[in-house]
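Structure, as structure tokens:
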Amino acid sequence: MLSDFSDGEVEVFFMKIITIEVLTTLIHRHGFKEFMCDLIETLRYDFSHWQNFTHMPRPAMHVPGGVLELMPICDNEKYFTYKYVNCHPKNPSKHKMTVVATGQLSEIASGYPVMVSEMTLLTAFRTAATSALATDLLSRVSAQTVAIIGTGAQSEFQIHALKLVRNIKEVRYFDIDPKAMDKFASNMKGQNLKLDRSNSIEEAVNGADIITVCTATKANVEVLKSKWVQEGVHINALGGDTVGKTELELDILYRSKIVIEYFEQSVIEGEIQRFGRDEAKKRVHAQLNEIITKKKEGRTNDHEITLFDSVGIGLEDYSALRLTYDLANKYSIGEDKNLVPLLDDPKNLFSIINEQKQ
């Protein structure tokens, strides 16, 4: 937070620190459902103002066992944000999470950071909120049954978010790890849902209105087969989010109305990476912002298959960080720390060293 100053006074500056403990306190104070609802609407607003942002594909470094990524974005008026995030599918065997993240919010007027935040939890929220937003725009209004393939760290968030946009009554779930399914079932108790533990992916998706696929395997795999996908279904494909990593049988893409977040990134990392740039441009129906602003139509009938080929983009992290910062200030939550030098002479950085000697 920056304060006004004049007459040569040193500007007082504090940056808000949002730890995981602070964020969970904020969510409990605001309400889990309310936070997710507000995030969905924040995303809707920010996507509808797509042209106000400077976008770029995230730089990624592929390392043994995983990938390391930075996700920057800047609006034209107030904030720059970035997120650092990884994906290491084998981490759970070492008692570590597959995905962890941190983020920063800075004001563009000065370049000064105003908040540093945990983003592991926020990533789960924003991914679920984005899926719910896409589902609201693309799935049948009458949708009631969800199949979720992959019951890892983000699975419960996905279902909670979908419940906010559709009258979900039944959830069928499958994971190759029985313990992950046990965890999911335990966490989803008391949600007024029929929970069906499936023995296979085919069993889970048979007759489902919405299919959410969120696995962590770093490979071109066919988690979801075309022959299992029926007319009228909406698919959220979330796990194919890096080079060489896909989850859907290719024929599904040919059968679907494809909506993505950001072409320049999706063509590198999404399900559409298998088309190549030229064919992908022909196959992709729209970016999400075009559906939100009604430049292009979403679902037009109950028979078409809609596919949200999601890779996660910087704008979604921007929305999550902006909402968190606003709520942290509203509730006076978060530590205010000085991580930027306070100088009588802004050009005399070395004076800090001299002060420490005294």
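Every number in this text was worked out from the coordinates using simple rules, so none of it is lab data. Because the structure is predicted, anything quoted here is derived from the model rather than measured. Positions of Cβ are backbone-derived with ideal geometry, glycine not excepted, and every protein chain shown enters the neighbour counts.
All other residues whose Cβ lies under 12 angstrom from that of ARG126 are scored, Lys and Arg at +1 and Asp and Glu at -1, for a net of -3. Treating the angle as unsigned and between 0 and 90°, give the value, to the nearest 10°, between the Cα long axis of helix 120-138 and the longest Cα principal axis of the chain. Helix 120-138 sits roughly 50 degrees off the main axis of the chain. Excluding same-chain neighbours fewer than eight residues apart, the lysines reachable from LYS179 by a Cα-Cα span under 21 Å are LYS90, LYS94, LYS96, LYS189, LYS194, LYS218. Helix 20-30 and the longest principal axis of the C-alpha atoms of the chain enclose an angle of approximately 70°. Taking trypsin sites (Lys or Arg not before Pro) across segment 181-226, the ones in a DSSP loop with at most 15 further Cβ atoms lying within 10 angstrom of their Cβ are LYS189, LYS225.
Between GLN287 and ILE260, the built amide H atoms are under 5 Å apart, and every one of these is 5 or more places off in sequence or on another chain. Counting Lys and Arg as +1 and Asp and Glu as -1 over every other residue whose Cβ lies under 11 Å from the Cβ of GLN287, the net charge comes to -2. Counting only alpha carbon atoms, the long axis of helix 178-187 and the longest principal axis of the chain meet at about 70°. Near TYR318: Cβ cut-off under 14 Å, other residues only, Lys/Arg at +1 and Asp/Glu at -1. The net charge is -2.
Given charges of +1 on the Cβ of Lys and Arg and -1 on the Cβ of Asp and Glu, with all other atoms neutral, how large is the dipole of the chain about its Cα centre, in debye to the nearest 20?
Around 1060 debye, computed over the chain.
Given that just one value was derived from the coordinates, which of (1) 130; (2) 158; (3) 187 is volume of the Cα convex hull per residue in Å³? Checking each listed value against the structure points to (2).
Sorted ascending by nearby beta carbons within 10 Å, beginning with the fewest, ILE210, ILE353 become ILE353, ILE210. Using Cα centres only, tell me the gap between segment 70-94 and segment 305-336 in whole Å. Centre-to-centre distance over Cα atoms comes out at 11 Å.
Taking the number of Cβ atoms within 10 Å of each Cβ as an exposure proxy, the fewest-first ranking of TYR45, TYR112, TYR318 is TYR45, TYR112, TYR318. DSSP beta bridges confined to segment 198-357 are antiparallel in about 5 percent of cases.
Would you mind ranking VAL171, VAL85, VAL340 so that the residue whose beta carbon has the fewest other beta carbons within 10 Å leads the list? Could you put the intermediate results ahead of the total?
Details: VAL171 27, VAL85 23, VAL340 14.
Least to most surrounded, the residues fall as VAL340, VAL85, VAL171.
Our note on the geometry: Cα centres of segment 278-298 and segment 224-270, 14 Å apart.
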